[in-house]
Amino acid sequence: MKIAGIAGGKNRGDIVELSTEKKIMAAVGAGLIDWADEYKDGKYLAFATDIVVSSQDESPHGDLFKKKWANNSYRASGTLKLHLRNKIKDTMLEPKKKAFEIKFYDTLDSMGLPDLMIESLTIK
């Protein structure tokens, strides 16, 4: 579930959807988990800080989910500071500035709430 929060006031209880920029940040974080599993046989945990998006693009992927949530495809690129932690030695490597490209789209999770599906994440 990737949401910004729950509305109050007149629309109390309604889900507040993430903005495009926040979706990119959430997608990069989720994509890094899978990327780290593939990186050097899964010996590292990865997370990013200082994410700067240099370009972003979104296009409609279909009708709105439940007639209220976005259903778009996204593509973004930029830079991030990549932190790696060695699971075996329990040590942190020196963070490095890297470029990234990500492709993802809106979907619904098992409870029918907004979520993101990462198609690809490339770290250069």
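The values are calculated or read from the model by the stated rules, or taken from the named source; none is laboratory data. Just so we're clear, the structure is a prediction, and the values are computed from it rather than from any experiment. Methodologically, a virtual Cβ is constructed for each residue, glycine included, from the backbone with ideal geometry; neighbour enumeration extends over all protein chains shown.
Of the residues making up segment 53-91, those that are surrounded by fewer than 12 Cβ atoms within 10 Å (Cβ to Cβ) and either of a type in the set (Gly, Ala, Ser) or outside any loop (DSSP other than H, G, I, E, B) (or both) number 6. Hey, could you check segment 25-47 for residues that are in a helix (DSSP H, G or I) and of a type in the set (Gly, Ala, Ser) and say which is surrounded by the fewest Cβ atoms within 10 Å (Cβ to Cβ)? Of everything passing the filter in segment 25-47, Gly42 is surrounded by the fewest Cβ atoms within 10 Å (Cβ to Cβ). Scanning segment 43-84 for residues that are among the basic types (Lys, Arg) and modelled with pLDDT under 95 yields a total of 4. Scanning segment 92-124 for residues that are closer than 17 Å to Ala36 by Cβ and in a loop (DSSP other than H, G, I, E, B) yields Leu93, Glu94, Pro95, Lys124. Applying a threshold of 8 Å to beta carbon distances and a minimum spacing of six or more residues, or different chains, the list of pairs starting in segment 1-28 at a residue that is closer than 13 Å to Asn72 by Cβ and ending at one that is modelled with pLDDT under 95 and β-branched (Val, Ile, Thr) reads Glu17/Ile3; Leu18/Ile3. So is Gly31 touching a Leu at 6+ places or on another chain (Cβ under 8 Å) and among the small types (Gly, Ala, Ser) or not? When the stated conditions are applied, Gly31 passes them. Taking the criterion of being free of Cβ contacts under 8 Å to residues at least 60 places away in the same chain and exposed (fewer than 13 other Cβ atoms within 10 Å of the Cβ), the residues of segment 100-116 that qualify are Ser110, Gly112. Just to be sure, is Lys22 in contact with a Lys or Arg (Cβ under 8 Å, 6 or more places away or on another chain) and surrounded by fewer than 16 Cβ atoms within 10 Å (Cβ to Cβ)? Judged against the criteria, Lys22 is not a match.
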